[in-house]
Each structure stands twice: as structure tokens, then as C-alpha cells.
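S.K.: Handing you this structure, nothing more for now.
The values are calculated or read from the model by the stated rules, or taken from the named source; none is laboratory data. None of the values given here were measured: they were computed from a predicted structure. Neighbour counts are summed over all protein chains in view; Cβ atoms, including those assigned to glycine, are modelled from backbone coordinates with ideal geometry.
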Amino acid sequence: MIDAATALRRGAELLGRGDRTGARRVAEQALELHPHDAGLCQLLGALFCQDGDLERGVEWLERSLHHDPRRTTTRLNLARALTSLARHEEALAVCVDGSGPDIERMRGDILRAAGRAPEAVQAYRRAVTMRADFVEAWNNLGNALRDAGDPDAAVAALQRAVRLRPQLAVCQLNLGRALLVAKRFDEALAAFDHAARADPTSMEALFELGVTLAAMGRHEESLAPLQRAVALDPRHARAVARLALTLVALERMPEAEAAYERSLALDPRDPATYLYYGVLLEESNRVDDLRALLQRAESAGVPPRALPVVQARLLKREGRLDEALALLDPAANAEPLVQNQRAQLLGEIADRRGDVEAAFRHFGEMNRLRAAEPGSRVHERLRYVRHIERLRDHMSPEQVRAWSALELDTRRRAPVFLVGFPRSGTTLLDTMLLGHPDVFVLEESRLLPQVAEALGDPLSVAGLDAASAGALRARYFEGLDAIPETRDAPCVIDKSPLHLTLAGFIHRVFPDARFVFCVRHPCDVVLSCFMQNLWVNEVGASFLDIADTALLYDRIMDYWTRCRDCLPLRVHELHYERLVQDAQAGMRAVLDFLELDWHPGVLAHQRTAIERGRIGTPSYAQVAEGLYSRSIGRWQRYAGHLGPALPLLAPWVRRFGYPEPGAAVRSAAENAG
């Protein structure tokens, strides 16, 4: 007859080899002979728990504890199993007769699982007081403090856990999450990177690293960790959806769409995936596909109110503003992306309905939400303004006369640069030009800025020699040639509004270049920038505030006009308002400047907008509509909110030939001054 101790050792050996079935058989047979042995009861209870049969596991663990109440391990296992069954009060009762740091840690785990974070914090603090090097308790204390709304204390506790065991990936992972809540984004990124390095098989660490990089606008860097996370867990629908979001940011639309479809196949009821996918379809002007997606969501059991932003976007396009407004209940969804886009839609609907005060308030909230995002570079807005001022201060007739003389090989024709302050109509014009068979538009590419960055200091254009300028020109064409569509295009247009700020560089490297300069009423431009939901990079940071936008407008236009005064630039100036009011006359003038024959396709911009797919600017929806004049002079309704901007903009209103502001607007400007 086998004794209980021998059976227990045999069961433990089998369990150590991964043979749970054999271990359970040994325990059950031995318990027939030794039904009151606490060790065998504990072993069998633990085996049932490992196999997912928690109810039976609890029965045997209770027997074990009944036979030997001193067994702390049994008490911990029983409390853990009861917690997994959400039987929290019973689990706490199991801990009452226990003592020591492990019991206090378990008490904290139960309280945290029950949603009682402040009490959990107290239990974890007792655990680390009893055992100062208790890494797991410090880790859980940090998580509980984060749950309790004290991110700074959470960070301190998790940093203690990391110091105790630097290579424990889970501590680094939780530290990163606490740092995110504390809005210490760079430190959070470093913690997630440490976690991923400590455990390259940690899907969660890679996922958090990729998501944080993407949230900070570092999409190219976010791609690899997200791809690795998906490779580790191909059935993780949320990871696949976030990978799709990064692919969208990288303009890899077919791959992004395939990833969204894969995510929905894994979890057909996930509202977040429908949200992201719906935004992609709407921004691609694929309205019918968006309707079909929403029907799929409803068929899968996702209620329409779970997707308020996507539903409201579609309703707004259809002109059903009251119905769209009814969906945008601020309490419906707290996800930051939803809150941000809700504020934008509320602003747009209020603007359409003429409710100026509500519109301005909602757009202000949208910008506040943007400014609070990870990676927001709102603090860099003045640095960018100072950069433009430096360029401006070195653009004068005397300074230009001191530039070195250059003779460049211009046999290969320079591209045409389509420029203008953002929201001046450049996207409308480039869409119209795309309707011409001889035109290829390179839309807001980083190619030219990357070539310019090779100079180092932008002011060094003054001393360029022919060899260096020729090499920069060749480098640009090499990048252009990597795009197959450009090779046979008679006219390549490099469209990026803020290539305005590279005018001096462009003239030095492409003295044969032509510019199409889009102009719109300065007040409408500044107001429209404030109303856009843009990523807060060093430029977009200025658009969060009307006065900051006006300051940037003034500095950029000052630099651009000095370039036009000092350099022999070939420029065609196109006013947005005239293009909208007489598109054919406006486009004939542009094509004559570009030395292109007339083609009626340039007037079919709605069809062109739909065929080109996603447009990576805020104008994606407008260019798919017929030409309309509702945005012309919109600024006059908002004159009371433009006070701080008007003194800076008034000279440009006059310079570009727009009528002087009326008496009420002049009064607002004087009050602001």
C-alpha cells in the first residue's frame, strides 16, 4: 500500500514532466486510501484549477485547508481560484485567518479584482512593509495606484519593482502603462522598449511599444513591433486593427484594408475596428462601401450607437445634420479618438447651421484634445516660427547679390511646385490637375524636404557651388524616378503647401522651376486651419490657436514675398475664390502657365477625387463635392473670435487684393490690439 508522502512525491514528479493526467490519477488513487491528507487534496485541487475546472478545484482546496489550516500555499491557491470565479467575498474570507506578506499581496489582488483599488493599495503597502524586496507586490501596488487615479505614485512603486528586478518584462510593461497615464510619454516609450528587449516573445510589450510609437506620430518605427506582435499572436484582433491603423498612416492602403478585414474576421463585433475602418472608407470618399460596412456591423450585433462617429460622418455627408447631432452624445464613448472626432463633427455641424459660438467652442475642444495626445509638439510652435524668421531675415536684395553664381544643367525639366499656406485650395487644384492626362501630382511628399535637409543649415544655400547644387538636383530626380508613374509624365507637379518655406532652396537647385501659388483670403485661411483636426507636429502646433496661426501665416508670407521680390521666381498666382467662381477660366490660366493644352478632364474633379482613393489632407471630402462658395467669406461670421489675429492679417488682406474689413471687423481688430 502506497503511503501519502510517496504518492505526493510521485504526483509532483509527473506534474513536473507536464503529465497532469498521470499526476491526477496518482492523487485520486492515493486519496481513496488517505482521504484526509491535506497535501493530496491540495495537489488534486491545483490540478483541477490548471485544467480550467475551477469549481472542482475549489472543492478539493477547501478540503485541504479544512484538514490543515496552517497551509499558506493552499490558502493562496484557494483564494486565487475563488477570485477567478469572481467570488471575492469568499476569497477575502479565506485570507482572514492567514498572515504574512504573501497573504497581504493576495488580499490586494482580490480587492483590485473586485474594483476596490484604494483598499488594494493598503494591502499591497502592508506586503512591501513586511518584505521590502517583494517585487511582485511592488508591481501590483503600482497597478493598483494607477487604478486608484494616482499615476505618479504608481510610477514610483513600479520603478522600485524595476530596480529590484530590471529584467522582469512585466514590471517594465506596467511601468510604461503608468507613465502613459502620467503623460510622461518619452519615458513610457523607453519602458516599453526595455520590456520588449527583456522578453522578445512578449506580445503585450511589442504591442504597447508599437501603439505608443504610432500615437507619437512615429509610424514608420511603429510598424516593426506591431508586425512582430501580430506574428506572435495572429489571432489578436486588436493588434491586427492597430497594425492596420499604422499602415493607413504610411499610405499603404491595400495592406491596411486587408488588415481591417482580417481583424473583423477574428472579432466581427469589435466597435473600434469598425470605427477605424469606417474612417478610412469615408476619407477615401467610398461612401457606398462605408454604408455596407455599417450594415455588416449591425448584422454582427454591433448597435448603431456603438459607432457614433462613423454613423454621424455618413449622416453629415447626406445632409442629415439633426440625425448626426443626435448620435454625438458625449457620454457614449470615452475613447480619445472618438472624443476628438466627436468634437470635430460637432464643430462642423454647428458651423453648417450657423451656430458660430458652439462651432468655435467645439473646435477649441478638438484642439485641446489634440494638444494632450502623446507626442504632441505644441511646445515647438515658436521654434518653428523662429526658424521661418531666420530664413526671412536672410532674404534681402543685398544678401542675394552676395550669393555664389551657379551654372546648372537644366536639360531635365524641373518639376512645378504647387504651394500656398495650408487651406488655400491646393488640394482642390491638384485634384483638378490630376484630370489632365499629361500631369502627375506628387502629393505632400517628403522628397524635397529630405533633399534640403542634406544641406544641414538651410542658410548654406548662399554658398552652394555648382557641383553641390547639381548633386542635390540629381538626388531629387533619383527619388522622383523611384516612382514609376513619374517617368513618362510630361508634367510633374510637386504639391506641398509649405514648400513655400523652401523657396530659396528651390531656386538655387531648380532655377528653372515654376511655382503655382494658391491664395485665399487670409482670414478664411487662418480660421480654416484652426478648424482642422490635424496631427500636432511642429507646424500643426500653431493651428491650435487663432493668434498662433496668424503669427505663422504672417511670418511665412513675409518670407515668401521677400523671395518673390529678391529672386527671379516664375510664379502663377491663383486665387481660390476666383477658381471656385469660374473654374474653367482659372484652369485655362493655370494650364497656359504650365504650357499644357486644354483638357476638359480638369473640370471633372469630383470623379477624379473618388478615383484617386484616400486623399491625405483635410480637404478629402470637400474636393469630392461640387464647387461651392459657402466657405468664401466664412471668416466674417467669426470676426468676433478673430480679434487677436486681425492686426497681423490685415496687411496681407490688402496685399492679396481683398476688400478692406468692414467697420465691425476693424473694431474687433482695434480691441484686440
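S.K.: Would you tally the residues in the range 169-207 being aliphatic (A, V, I, L, M) and touching a Leu at 6+ places or on another chain (Cβ under 6 Å)?
M.R.: Adding up the residues that qualify gives 8.
S.K.: If you scan the range 447-468, which residues turn out to be out of contact with any Asp or Glu (no Cβ under 8 Å at 6 or more places or on another chain) and small (Gly, Ala, Ser)?
M.R.: Passing the criteria: ALA452, ALA454, GLY456, SER460, ALA462, GLY463, ALA467, SER468.
Let's see how each residue does on (1) among the charged types (D, E, K, R); (2) at negative phi; (3) outside any helix (DSSP H, G or I):
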| position | (1), (2), (3) |
| --- | --- |
| ALA91 | no, yes, no |
| CYS95 | no, yes, no |
| GLU104 | yes, yes, no |
| ASP109 | yes, yes, no |
| ARG112 | yes, yes, no |
| PRO118 | no, yes, no |
| VAL121 | no, yes, no |
| VAL128 | no, yes, no |
| ASP133 | yes, yes, yes |
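S.K.: Continuing with the same structure: Can you tell me how many residues within the range 241-284 are part of a helix (DSSP H, G or I) and charged (D, E, K, R)?
M.R.: The total comes to 7.
S.K.: I want to confirm something. Restricting to the range 360-371 and keeping residues that are among the hydrophobic types (A, V, I, L, M, F, W, C) and within 17 Å of VAL309 (Cα to Cα), which single residue is nearest to the chain's Cα centre (by Cα)?
M.R.: LEU369
S.K.: Search the range 581-609 for residues that are surrounded by fewer than 16 Cβ atoms within 10 Å (Cβ to Cβ) and pair each with any residue that is of a type in the set (Lys, Arg) and assigned to a helix (DSSP H, G or I) when their beta-carbon atoms are under 7 Å apart and the residues are at least 6 apart or on different chains.
M.R.: Filtered contacts from the range 581-609: TRP598/ARG588.
S.K.: Another question about this same structure. Just to be sure, is PHE417 in contact with a strand residue (DSSP E or B) (Cβ under 9 Å, 6 or more places away or on another chain), assigned to a loop (DSSP other than H, G, I, E, B) and closer than 26 Å to LEU551 by Cβ?
M.R.: no
S.K.: So, of the residues in the range 557-578 that are in a helix (DSSP H, G or I) and charged (D, E, K, R), which turns out to be farthest from HIS521 (Cα to Cα)?
M.R.: Applying the filter and picking the extreme gives ASP565.
S.K.: Further, regarding this structure: Being closer than 16 Å to GLY57 by Cα and not small (Gly, Ala, Ser) is the filter here; which residues of the range 16-25 pass it?
M.R.: Correct list: ARG20, THR21, ARG24, ARG25.
S.K.: I would also like to ask the following. Please verify whether VAL240 is in contact (Cβ under 8 Å) with a residue 12 or more places away in the chain, buried (at least 23 other Cβ atoms within 10 Å of the Cβ) and closer than 26 Å to GLU220 by Cα, treating the condition exactly as stated.
M.R.: The answer is yes for VAL240.
S.K.: Further, regarding this structure: Considering only the range 383-410, state which residues are surrounded by fewer than 18 Cβ atoms within 10 Å (Cβ to Cβ) and under 18 Å from VAL536 (Cα atoms).
M.R.: The answer is ARG383, ARG386, HIS387.
S.K.: I'd like to know if the range 160-168 contains one or more residues that are outside the structural domain of MET106 (by TED's automatic domain parsing), in a helix (DSSP H, G or I) and at pLDDT 95 or above.
M.R.: no
S.K.: If the requirement is being on the phi > 0 side of the Ramachandran plot and outside the structural domain of LEU145 (by TED's automatic domain parsing), which of these qualifies: ALA86, ALA38, ALA79, ALA30?
M.R.: ALA86
S.K.: Hey, another quick one. Is one or more of the residues making up the range 285-296 assigned to a helix (DSSP H, G or I), outside the structural domain of VAL240 (by TED's automatic domain parsing), out of contact with any strand residue (DSSP E or B) (no Cβ under 6 Å at 6 or more places or on another chain) and basic (Lys, Arg)?
M.R.: yes
S.K.: Identify, please: which residue in the range 360-382 is part of a helix (DSSP H, G or I) and of a type in the set (Gly, Ala, Ser) and is, among those, surrounded by the fewest Cβ atoms within 10 Å (Cβ to Cβ)?
M.R.: Filtering the range 360-382 for residues that are part of a helix (DSSP H, G or I) and of a type in the set (Gly, Ala, Ser), the one surrounded by the fewest Cβ atoms within 10 Å (Cβ to Cβ) comes out as ALA371.
S.K.: Of all residues in the range 479-508, how many are over 31 Å from the mean Cα position of the chain (by Cα), in a helix (DSSP H, G or I), farther than 13 Å from VAL416 by Cα and not basic (Lys, Arg)?
M.R.: The qualifying residues number 2.
S.K.: Suppose we filter the range 170-213 for residues that are surrounded by fewer than 19 Cβ atoms within 10 Å (Cβ to Cβ), assigned to a loop (DSSP other than H, G, I, E, B) and free of Cβ contacts under 8 Å to residues at least 60 places away in the same chain; how many remain?
M.R.: Going through the range 170-213 one residue at a time, the tally reaches 5.
S.K.: Check whether at least one residue in the range 590-599 is of a type in the set (A, V, I, L, M), part of a helix (DSSP H, G or I), more than 32 Å from the chain's Cα centre (by Cα) and at pLDDT 90 or above, and report yes or no.
M.R.: yes
S.K.: Let me ask something additional. Kindly provide the set of residues from the range 15-28 that are part of a helix (DSSP H, G or I) and surrounded by fewer than 18 Cβ atoms within 10 Å (Cβ to Cβ), ordered by number.
M.R.: If the condition is that a residue be part of a helix (DSSP H, G or I) and surrounded by fewer than 18 Cβ atoms within 10 Å (Cβ to Cβ), then GLY16, ARG20, THR21, GLY22, ARG25, GLU28 are the ones that fit.
S.K.: Consider ALA471 carefully, then state whether it is in a helix (DSSP H, G or I), surrounded by 22 or more Cβ atoms within 10 Å (Cβ to Cβ) and not charged (D, E, K, R).
M.R.: Here the answer is no, as ALA471 does not meet what is asked.
S.K.: Name the residue, out of ALA462, ALA482, ALA454, that is among the small types (Gly, Ala, Ser), over 16 Å from VAL590 (Cα atoms), surrounded by fewer than 21 Cβ atoms within 10 Å (Cβ to Cβ) and touching a Leu at 6+ places or on another chain (Cβ under 8 Å).
M.R.: Of ALA462, ALA482, ALA454, the one residue that is among the small types (Gly, Ala, Ser), over 16 Å from VAL590 (Cα atoms), surrounded by fewer than 21 Cβ atoms within 10 Å (Cβ to Cβ) and touching a Leu at 6+ places or on another chain (Cβ under 8 Å) is ALA454.
S.K.: Same structure again: With the requirement that a residue be touching a residue at least 60 places away in the same chain (Cβ under 8 Å), touching a Gly at 6+ places or on another chain (Cβ under 9 Å) and part of a loop (DSSP other than H, G, I, E, B), what does the range 423-458 give you?
M.R.: Within the range 423-458, GLY435, HIS436, PRO437, GLU444 meet the criteria.
S.K.: Condition first: surrounded by fewer than 21 Cβ atoms within 10 Å (Cβ to Cβ), at pLDDT 85 or above and over 16 Å from the mean Cα position of the chain (by Cα). Now tell me which residues in the range 329-359 satisfy that.
M.R.: Scanning the range 329-359 gives ALA350, ARG352, ARG353, GLY354, ASP355, VAL356, GLU357, ALA358.
S.K.: Within the range 75-91, identify whether any single residue is over 27 Å from ALA148 (Cβ atoms) and hydrophobic (A, V, I, L, M, F, W, C), and answer yes or no.
M.R.: No, there is no match, as no residue in the range 75-91 is over 27 Å from ALA148 (Cβ atoms) and hydrophobic (A, V, I, L, M, F, W, C).
S.K.: Also: Any residue at all in the range 34-50 that's touching a Leu at 6+ places or on another chain (Cβ under 9 Å), of a type in the set (Asp, Glu) and assigned to a helix (DSSP H, G or I)?
M.R.: Looking for residues that are touching a Leu at 6+ places or on another chain (Cβ under 9 Å), of a type in the set (Asp, Glu) and assigned to a helix (DSSP H, G or I), one finds none in the range 34-50, hence no.
S.K.: Based on what the data block shows, is GLU62 within 26 Å of GLY115 (Cα to Cα), surrounded by fewer than 22 Cβ atoms within 10 Å (Cβ to Cβ) and at pLDDT below 90?
M.R.: yes
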